[in-house]
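What follows is a short report on a single structure.
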Protein chains: 2
Amino acid sequence: MPNPDQLNAFIAAAETGSFSAASRRLKKAQSAVSNAIINLEIETGVELFDRSKRNPVLTEEGETLLRSAYAIMESHHDFMSHAMALNAGEESHLCLAIEQNVSAQPLVELLVVFEEKFPHIELELLDPGTSDVASLLRSGRADLGLMMEQEHYPKGFMFRGIGHSRKIPVCSKHHPLAKLEQVSHSDLRRYRQLVPRSLDLEDKSHEAQILSPKVWYAESPFVIAEVLSAGLGWASLHEAIVKEQLEQGSLVALKRTYQQDASLQGVDVVWSRHKPLGKGGQWLLNECFKLNVG
Amino acid sequence: MPNPDQLNAFIAAAETGSFSAASRRLKKAQSAVSNAIINLEIETGVELFDRSKRNPVLTEEGETLLRSAYAIMESHHDFMSHAMALNAGEESHLCLAIEQNVSAQPLVELLVVFEEKFPHIELELLDPGTSDVASLLRSGRADLGLMMEQEHYPKGFMFRGIGHSRKIPVCSKHHPLAKLEQVSHSDLRRYRQLVPRSLDLEDKSHEAQILSPKVWYAESPFVIAEVLSAGLGWASLHEAIVKEQLEQGSLVALKRTYQQDASLQGVDVVWSRHKPLGKGGQWLLNECFKLNVG
DNA sequence: ACAATCTATCTCTAAATCAGATAGAAACTA
DNA sequence: TAGTTTCTATCTGATTTAGAGATAGATTGT
């Protein structure tokens with residue numbers, strides 16, 4: 001198996017067109033380059049250079065093997081830059097949990113830049129249902145979370161608001177509510193309400209949203225949107241979730257007579273204080289601060 | 001720069017889960033594997049294995065670096081198999097010249113297999129105009145040619161028929177000739193004839209085809225087909241060239257009253273006797289014999 | 001013809017590699 | 001719990017390898 005020094009000698013000699021020039025570039029003795037290339041030729045059984053003239057010139061076989069040699073050196077450099085990135089404090093794996101209610105779109109644009117800046121980090125994206133971001137962070141499964149703001153975060157977690165998302169009551173355009181100019185709380189109470197609810201039975205955060213005595217639950221807001229589209233009930237969902245359906249017209253937003261401010265919820269980035277973020281996570285966090293995630 | 005032995009030790013240890021087992025697989029002393037990995041760790045600055053238990057287990061960083069190590073070894077194997085292919089007599093470059101009149105389609109199917117069998121050979125495809133295949137072979141620019149059979153090949157060339165192609169007189173469906181049930185030589189003589197002619201002014205092989213006193217020439221039969229499609233003149237072209245236009249109906253084949261046999265021409269593979277073909281060329285030649293190129 | 005520059009090769013030295021032995025730790029067994 | 005096996009790290013010494021320096025022979029350019 002050719003070692004990197006032999007390949008570097010081969011490449012330098014091919015590029016400079018001379019073993020002596022190659023030795024100067026590599027800051028080695030000329031005999032070292034000469035030996036390296038002769039050994040490579042013995043090992044491969046291929047005559048890489050034609051020595052009939054004063055300066056060696058690549059044979060046809062040498063020319064094609066040179067391309068394979070470049071490929072090896074490239075993977076070597078990738079390996080080393082990967083190692084150096086780890087040394088510099090990049091994590092090897094970064095897991096983001098983005099609550100389904102939060103629009104991932106601004107983040108996705110960030111990830112294009114992330115890919116370029118941190119090509120060696122394996123990124124994992126989770127999109128857990130309502131409020132399960134917290135448990136993913138607590139268990140250490142996720143490193144960084146994007147979620148709707150909460151009253152209390154578990155001890156040991158840091159958070160920071162990075163934007164807002166509005167919840168709006170929506171229903172199918174065929175639903176009786178869609179016929180009304182404006183809807184009041186008592187209008188809504190008359191129909192079945194669909195409410196996003198966490199897997200975690202301990203989590204009571206959904207209760208505050210319940211208006212109607214006729215309630216169904218679903219974990220995913222996307223599933224709720226589909227049920228609504230079929231004409232069944234109404235729900236208060238985040239804009240990001242129903243953006244497309246509103247544009248297509250399959251769902252409609254209800255105009256409210258009641259106070260709207262309560263429906264404006266903050267979006268937080270959340271991370272653990274004890275499991276420090278690497279370079280990649282820190283960068284992403286910083287970029288999140290610059291965003292307004294809708 | 002990590003050398004292949006270090007990387008092999010790393011990979012073997014990761015796969016077997018033990019330095020001792022790795023040393024047995026690599027048929028080296030256990031101390032060699034241990035040293036190789038420790039040196040790799042020093043060189044990269046990354047702790048690859050967690051040694052807190054009896055058996056070493058890959059750290060998270062080690063796991064991702066392992067993937068980069070595989071990539072290096074893969075390019076090494078590619079390099080060596082490339083070298084071994086050259087040793088076994090594969091050429092590094094193979095140039096095929098296929099006359100435009102010959103249907104390349106059966107050959108293209110062969111090339112899929114070729115790519116798998118000879119991944120290291122650089123293939124070059126030329127599609128010269130009429131009868132210029134010969135000069136490409138003579139000059140050494142091409143290694144193997146597919147062309148319409150000739151009376152005489154230059155000395156030093158081998159050839160072998162591998163199929164036949166029929167020449168048929170065609171014109172646009174709007175052309176006066178298209179209205180006739182059958183066409184005779186004297187019908188054809190009344191209209192402009194388009195004739196494929198080589199770049200090479202010495203080449204007189206086109207003269208035998210000329211029927212009409214009103215002649216235009218073109219190098220490429222494809223250009224002729226386009227001129228015909230515009231409604232201008234008629235030409236005797238190979239089936240492979242006008243197959244699509246006949247199916248689409250933009251060109252029509254003329255039914256002849258005269259003898260057809262003369263229009264049936266052989267297709268030859270041609271190669272030089274003095275510039276021996278490599279393994280790839282030989283294989284391709286053999287496969288050509290099994291084909292009937294139309 | 002001469003000077004400059006190239007490659008291959010020789011020699012010698014320094015460095016790296018590796019096998020074998022050993023000690024200490026961990027896991028398994030009875 | 002004590003004994004056995006199997007593991008890793010480390011030391012030592014022998015062998016191999018890599019590389020610098022010097023030199024001879026060849027090629028190119030003046």
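Here, each number is a calculation from the coordinates, and none is a lab measurement. These figures come from a predicted structure and were not determined experimentally. Glycine gets a Cβ as well: all are built from the backbone with ideal geometry, and neighbour counts include every protein chain shown.
Pairwise Cα separations in segment B:25-132 fall into 10 Å bins from 0 onward with the following percentages, short to long: 11, 25, 20, 16, 13, 10, 4, 0.
Reachable lysines from residue B:53, Cα under 26 Å, same-chain residues fewer than 8 places away excluded? Partners within reach: A:275, B:27, B:28.
Inter-chain Cβ neighbour count for B:84-91, averaged per residue, equals 3 (cutoff 10 Å, partner chain atoms only).
Lysine pairs in segment A:165-264 whose alpha-carbon atoms fall under 23 angstrom of each other, counting only those eight or more residues apart or on distinct chains, come to 14. Average 1/r across all pairs of distinct alpha carbons in segment A:89-198, invert it, and you get the Kirkwood radius: 16.9 Å.
Principal axis extents of the C-alpha atoms in segment B:4-87 (largest first, rounded to whole Å): 48, 25, 19. Placing +1 on each Lys and Arg Cβ and -1 on each Asp and Glu Cβ, with no other charges, gives the protein assembly as shown a dipole about its Cα centre of roughly 800 debye. Sequentially through segment B:20-27, phi angles give Karplus couplings (6.51, -1.76, 1.60; θ = phi - 60°) of 5, 4, 4, 5, 5, 5, 7, 6 Hz, Gly and Pro residues having no value and appearing as x. Take residue A:249, move 7 Å from Cα toward the beta carbon, and the resulting point lies 3.9 nm from the same point in each other copy, nearest first. The mean count of C-beta atoms from other chains within 10 Å of the C-beta of residues in A:37-45, rounded to a whole number, is 2.
The same position residue A:220 in the other copies lies at 5.2 nm from this copy, comparing label points 7 Å beyond Cα toward the beta-carbon, shortest first. Using only side-chain charges placed at the Cβ, +1 for Lys and Arg and -1 for Asp and Glu, the dipole size of chain B relative to its Cα centre rounds to 940 debye. Angle, helix A:279-290 long axis vs. longest principal axis of chain A, Cα atoms, 0 to 90°, nearest 10? The angle comes out at about 40 degrees.
Across segment A:165-264, counting alpha-carbon atoms alone, Rg and Dmax equal 12.6, 38 Å.
Residues whose amide H lies under 5 Å from that of residue B:58, counting only those 5 or more places away or on a different chain, are B:50; hydrogens are built 1.01 Å from N in the peptide plane.
In the protein assembly as shown, what % of DSSP beta bridges are antiparallel (nearest 5)? Provide the component values of the computation, followed by the final result.
Numbers: 48 of 77 bridges.
DSSP beta bridges in the protein assembly as shown are roughly 60 percent antiparallel.
Computed over the Cα atoms of chain A, the ratio of the radius of gyration to the Kirkwood radius (Rg/Rh) comes to 1.28.
Taking amide H as placed 1.01 Å from N in the peptide plane, residue B:219 has its amide H under 5 Å from the amide H of B:197, each at least 5 places away in sequence or on another chain.
Stokes-Einstein diffusion for the protein assembly as shown at 20 °C, viscosity 1.002 mPa s, with a Kirkwood radius from C-alpha pairs, works out to 68 µm²/s. Shown for residue A:54: label points 7 Å from Cα along the beta-carbon vector, and their distances to the equivalent points in the other copies, 6.8 nm in ascending order. Measuring nothing but how far apart in sequence close Cα pairs (under 8 Å, 6+ apart) lie, relative to its length, chain B scores a relative contact order of 22 percent.
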